[in-house]
């Protein structure tokens, strides 16, 4: 039985991924700051401490693969200077600690799948509007763009250790447990389709189960290395997405626009990302042989929101 070590495994994405890995027959170790016990078969916790620069060396020694998801939530709080520092440091410092541990302790790690985000890309331009941003496009000069750059670069030293590195730029993750979809659902349950700004900004999203499968595909496929976008091949604009979610709760859902200036007051600098249009391409991961179970937004929402459907004539 092969062992996968996960950082950030207690978050929304990490918890979902862990369940898939266990079902696939992997042993899973999740790194946490506090000592924890597990009663689940083939699942355990190990400690690390970013402040002290320490990881349990037994966890490093046991790992065949590492999935690196650790990082403070980008949308959890308003972007103060302190919050922005925490977002960046949590990613770069955790990567540096992993690299240090792999250099210093004997290990058998074959590959690392490291998270990044589509915040790497700037707002849509003529080229991306036509065909989507691709992995070779230049990094944006924004806060998130620079964070993604430093995040990705912080893992590059593992390649000199002979470890295959796959960097996954993750889009907006739709998950039953919460996250972005839960925020869209709040007004939708009340019969309102709350369109942000003009609603024309493109949303590049991915179903949680496809993200789980994509990470597993990246681990298990030896020819997969380098950077890949983790987005479904069907990006949609905010208006279409918002109306599609609301319609699954109420056929009479009323669309209305939340003006950009209100979002700027409510969210501060973070509003730039909410209002930014970024059409991101899935072509590279598709060319590598990955197949999406939820390639269209309707397929994804039908799966994620089916338990919330009202009785409908077309259902």
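Please enumerate the residues belonging to the range 132-166 that are part of a helix (DSSP H, G or I) and touching a strand residue (DSSP E or B) at 6+ places or on another chain (Cβ under 6 Å). Within the range 132-166, 148, 151, 152, 158, 159 meet the criteria. Within the range 130-150, residues that are more than 14 Å from residue 118 (Cβ to Cβ) have Cβ atoms under 7 Å from residues that are not in a helix (DSSP H, G or I) in these pairs: 131/281, counting only partners at least 6 apart in sequence or on another chain. Looking across the range 171-186 at every residue that is part of a strand (DSSP E or B) and closer than 13 Å to residue 75 by Cβ, the one that is modelled with the lowest pLDDT is identified as 178. Check whether at least one residue in the range 135-154 is within 27 Å of residue 299 (Cα to Cα) and at pLDDT 95 or above, and report yes or no. Yes, some residue in the range 135-154 is within 27 Å of residue 299 (Cα to Cα) and at pLDDT 95 or above.
Among residues that are touching a strand residue (DSSP E or B) at 6+ places or on another chain (Cβ under 9 Å), surrounded by fewer than 22 Cβ atoms within 10 Å (Cβ to Cβ) and closer than 18 Å to residue 278 by Cβ, residue 199 is included. Looking at the structure I just gave you, is residue 24 in contact with a helix residue (DSSP H, G or I) (Cβ under 8 Å, 6 or more places away or on another chain) and touching a residue at least 12 places away in the same chain (Cβ under 8 Å)? Yes; evaluated as a whole, the condition is true for this residue.
Out of all the residues in the range 217-244, which are under 22 Å from residue 111 (Cβ atoms) and buried (at least 20 other Cβ atoms within 10 Å of the Cβ)? Selection gives 218, 219, 224, 228, 229, 230, 231. Looking at the range 54-72, which of the residues that are free of Cβ contacts under 8 Å to residues at least 60 places away in the same chain and surrounded by fewer than 23 Cβ atoms within 10 Å (Cβ to Cβ) is nearest to residue 35 (Cα to Cα)? The residue in question is 56.
The values are calculated or read from the model by the stated rules, or taken from the named source; none is laboratory data. All figures in this text were calculated on a predicted structure; none of them were measured in a lab. Virtual Cβ from ideal backbone geometry, glycine too; neighbours counted across all protein chains shown.
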